[in-house]
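Here is the structure we will look at.
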Amino acid sequence: MPNKTPDYQIKAVKKYNSKFHEIKLRFLPEEYESVVKFAREAGDRSTTAFIMRAIRETMERDSERIDNE
């Protein structure tokens, strides 16, 4: 008999996830492997953490450029 996730756990996960917005990214297989490998080698705790850091750093860098235009 398969384990059924308890209703309280489903409710808790839905409440937690409701705090976030999602952006779906699609990678070609070779790009995906490259990003995952780079994130691991860069010491990020996860691929998501690496992508978030890359976005923040790019936004910071580009906002300085935009402000100077």
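The values are calculated or read from the model by the stated rules, or taken from the named source; none is laboratory data. Remember, predicted model here, so these are calculated numbers, not experimental data. With ideal geometry, Cβ positions are generated from the backbone for all residues, glycine too; neighbour counts draw on all protein chains shown. Side chains are part of the model used for accessible areas, which takes the heavy atoms of the whole protein and leaves out ligands, DNA and RNA. Shrake-Rupley method; radii C 1.70, N 1.55, O 1.52, S 1.80 Å.
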Per the filter on region 54-69, residues open to solvent by less than 90 Å² (accessible area, probe 1.4 Å) and of a type in the set (S, T, N, Q) are THR58, SER63
Region 11-20, subset in a helix (DSSP H, G or I) and closer than 26 Å to MET52 by Cβ, residue farthest from the chain's Cα centre (by Cα) | ALA12
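From the residues in region 1-10 that are open to solvent by 100 Å² or more (accessible area, probe 1.4 Å) and part of a loop (DSSP other than H, G, I, E, B), which one is farthest from ILE51 (Cα to Cα)? Spell out how you get there, then give the answer.
Taking region 1-10 as the starting set, the residues that turn out to be open to solvent by 100 Å² or more (accessible area, probe 1.4 Å) are 1-4, 7-8.
Subsequent filtering for residues that are part of a loop (DSSP other than H, G, I, E, B) retains 1-4.
Details: MET1: 39, PRO2: 35, ASN3: 34, LYS4: 33 Å.
Filtering first and then ranking leaves MET1.
Being among the hydroxyl-bearing types (Ser, Thr, Tyr) and modelled with pLDDT under 95 narrows it down to one residue among SER18, SER63, SER46, SER34; which is it?
That would be SER63, the only listed residue that is among the hydroxyl-bearing types (Ser, Thr, Tyr) and modelled with pLDDT under 95.
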Scan region 26-53 for residues that are surrounded by 11 or more Cβ atoms within 10 Å (Cβ to Cβ) and not in a helix (DSSP H, G or I) and report the count.
-> 3
